[in-house]
Amino acid sequence: MGKGHFGLIGLGVMGENLVLNAERNGFSSVVYNRTRQKTDEFMAGGGAGKQIQPAYSLQEFVDKLERPRRILMMVKAGGAVDAVIDQISPYLEAGDLLIDGGNSEYKDTERRVAKLESQSFGFIGMGVSGGAKGALEGPSMMPGGTKASYDAIESLVTKMAAQVEDGPCVTYIGPGGSGHFVKTVHNGIEYGIEQILAEAYDLMKRVKGMNGEQIADVFKAWNATEELNSYLVEITEVCLRTKDPDDGTDLVEKIMDQAGQKGTGLWTVVTALEMGASVPTIYAALNGRVMSSMKPQRQKAESILKGPAVGDADLGSPADAMGPIMDAVVLSCIASYAQGMELLRIASADNNYNLNMPSIAQIWKGGCIIRAKLLKRIQDAFNADPQLPNLMIDPWFADQVNRRLPGLAKVVAASAANGIPVPTFSSTLDYINSYRTGRLPQNLVQAMRDCFGSHTYQRVDRDGTFHTEWLQ
Ligand code: NBP
């Protein structure tokens, strides 16, 4: 076998599937993993009989690759990425290119791009979404770094990516850490949608007494609509229909109600707060996971804290309730996308990323976890107005908000009356109501700030900065 076109370091679940994808698309590959046993297992399993060669030292790895080398690192985000960069750098030559395909924090990527480029190496920080299946069959990829570095991998990533009607689900995102930033926001939106679907399930189960199959039927019907057709709605139906092989009952009811997280949702919210972007639906989803982890406390509080109970209010017959619940789900999903896109727009201006908003919507239409029919509408909205400040004021989305807001309000009110938490639904309602209110009560907040701290204020009836001696 001749020299490999492509090198992979890190044969975890993502790495092994991505290298099989590259090889299937005509890029002979060389693989290296810190623990030798994993390389041997891969070469005896999925890698057998393919244009893939193993390497057992970094020297052997670089020797087996054609130059300039294109090396994808798929290792745990954080210190492992720096460790691999430090270990391989002495073996690299000018023009060689490293790609970090893990979920790295975008500020780490900014630092690594600057360092590696100053050493005459290329460095791309590339978000990859799609899980193991997507990695194998075609993920959505979000590469950031210099344009020259992207050009060196374009033929590889455009073949590996998922394909939709208007092209591959990969594009040059922008400089520095922009690729990992866009992936972080993708994951923030994903947190939002997962929590939204969980709240809908909870209402159907607890208020309407529906069983797993009945709820799955609703998700199936939703998946046939333009507004909700998506990968996450599709897999929710599958999860709800899956039975515990031990007793044939719904498996989801056996799963502990504690959701994990690995950082990207937190980074989305922290960055949004730092940049002054409003992301309450995404924050509510993150906080939902935090609350879920407090299981022992919640179980204790259940018998101490009294409030409205399930059954105290009625959403009407299941048929009557499904319309408002769908309204709540649609508007909360729209809010998650609107908040994520707004954060991207603000970050693009702050960091000079020059993000192309329609292209980002385009590459999320296939391969990734938040792929949804709605992304075509998002792409159209930003094509019509690349500077659109908020998705909700695009005519198609404004019509959705105007038609569905009463349903969302009804669901939030009924949930409150039944004592059922619906954090993404209620924060979406407040988000929309705040956004559509021309005069908010922060005039009084400004008065208080000036009263206790002489922070001054502006007036609505004349220009200038004012201060009042309120306590005289
Ligand atoms: P893991 O995140 O579990 O990482 C496993 C790989 O990292 C193994 O090859 C392991 O080598 C290697 N590694 C570690 Br851990 N520390 C290392 C070090 N100090 N030096 C060298 N290698 C080291 O694998 P994954 O789930 O495939 O994820 C890879 C990346 O992709 C992560 O950043 C993840 O967040 C991201 N991602 C994952 C998914 C998903 O669905 N799993 C989706 C999208 C993105 P070893 O075999 O020697 O321990």
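The values are calculated or read from the model by the stated rules, or taken from the named source; none is laboratory data. Only a predicted model underlies this, so the values are computations on that prediction, with no experimental measurement involved. Heads up, the Cβs are rebuilt from the backbone with ideal geometry, glycines too, and the neighbour counts pull from every protein chain shown. Please note that ligands, DNA and RNA were not included when accessible areas were found on the heavy atoms of the full protein model with its side chains. Shrake-Rupley method; radii C 1.70, N 1.55, O 1.52, S 1.80 Å.
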Qualifying residues in the stretch 54-67 (those that are within 14 Å of the ligand (Cβ to nearest atom) and exposed (fewer than 14 other Cβ atoms within 10 Å of the Cβ)) - the one farthest from GLN87 (Cα to Cα):
TYR56
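Can you pull out the residues in the stretch 159-201 that are of a type in the set (Ser, Thr, Tyr) and either within 11 Å of the chain's Cα centre (by Cα) or over 27 Å from THR281 (Cβ atoms) (or both)? Lay out the reasoning, then the answer.
Here is the first cut: in the stretch 159-201, the residues of a type in the set (Ser, Thr, Tyr) are 171-172, 178, 184, 191, 201.
Matches in the stretch 159-201: TYR172, THR184, TYR191.
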If SER303 satisfies all but one of (1) over 19 Å from LEU228 (Cβ atoms); (2) free of Cβ contacts under 8 Å to residues at least 40 places away in the same chain; (3) assigned to a helix (DSSP H, G or I), what's the number of the condition it fails?
(3)
Whichever residue in the stretch 81-113 is touching a residue at least 60 places away in the same chain (Cβ under 8 Å) and aliphatic (A, V, I, L, M) and, among such residues, is nearest to the ligand (Cβ to nearest atom):
VAL84
Could you check how many residues of the stretch 133-144 are within 14 Å of the ligand (Cβ to nearest atom) and out of contact with any Cys (no Cβ under 8 Å at 6 or more places or on another chain)?
6
I'd like the full set of residues that are within 14 Å of the ligand (Cβ to nearest atom) and within 18 Å of MET141 (Cα to Cα), limited to the stretch 16-53.
GLU16, ASN17, LEU18, VAL19, LEU20, ASN21
Of VAL13, VAL75, the only residue that is open to solvent by 50 Å² or more (accessible area, probe 1.4 Å), near the ligand (Cβ under 10 Å from one of its atoms) and under 17 Å from LEU136 (Cα atoms) is VAL13
Kindly list, by first and then second residue, each pair from a residue in the stretch 25-51 that is touching a residue at least 40 places away in the same chain (Cβ under 8 Å) to a residue that is of a type in the set (Phe, Trp, Tyr) and more than 10 Å from the ligand (Cβ to nearest atom), limited to pairs with Cβ atoms under 7 Å and residues at least 6 apart or on different chains.
PHE27/PHE6
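Are there any strands (runs of 3 or more DSSP E) wholly within the stretch 1-103 with 1 or more residues that are closer than 16 Å to ALA132 by Cα and over 29 Å from the mean Cα position of the chain (by Cα), and if so which? Write out each step before concluding.
Numbers: elements: 6-9, 29-32, 52-54, 70-73, 97-100.
Where strands (runs of 3 or more DSSP E) fall fully within the stretch 1-103, none carries at least 1 residues being closer than 16 Å to ALA132 by Cα and over 29 Å from the mean Cα position of the chain (by Cα).
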Single condition ARG449 does not satisfy, out of (1) in contact with a strand residue (DSSP E or B) (Cβ under 6 Å, 6 or more places away or on another chain); (2) on the phi < 0 side of the Ramachandran plot:
(1)
Positions within the stretch 114-148 being within 17 Å of the chain's Cα centre (by Cα) and part of a strand (DSSP E or B), in sequence order
GLY125, MET126, GLY127, VAL128, SER129, SER140, MET141, MET142, PRO143, GLY144
PRO386: surrounded by fewer than 20 Cβ atoms within 10 Å (Cβ to Cβ) and part of a loop (DSSP other than H, G, I, E, B), yes or no?
yes
Looking only at the stretch 256-274, and only at residues there that are within 16 Å of the ligand (Cβ to nearest atom) and either of a type in the set (Phe, Trp, Tyr) or over 18 Å from SER292 (Cα atoms) (or both), the one that is most open to solvent (accessible area, probe 1.4 Å)
TRP267
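Each row is one residue, and each column tells you yes or no for (1) out of contact with any Lys or Arg (no Cβ under 9 Å at 6 or more places or on another chain); (2) small (Gly, Ala, Ser); (3) not assigned by TED's automatic domain parsing to the domain that holds GLU234.
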| position | (1), (2), (3) |
| --- | --- |
| ALA114 | yes, yes, yes |
| VAL128 | no, no, yes |
| LYS133 | yes, no, yes |
| LYS147 | yes, no, yes |
| ALA161 | yes, yes, yes |
| ILE193 | yes, no, no |
| ALA200 | yes, yes, no |
Going through ALA335, ALA381, ALA361, ALA313 one at a time, which residue ends up being in contact (Cβ under 8 Å) with a residue 24 or more places away in the chain and surrounded by 20 or more Cβ atoms within 10 Å (Cβ to Cβ)?
ALA335
Regarding the stretch 124-132, can at least one residue be identified that is near the ligand (Cβ under 8 Å from one of its atoms) and either over 20 Å from GLY265 (Cβ atoms) or surrounded by fewer than 22 Cβ atoms within 10 Å (Cβ to Cβ) (or both)?
yes
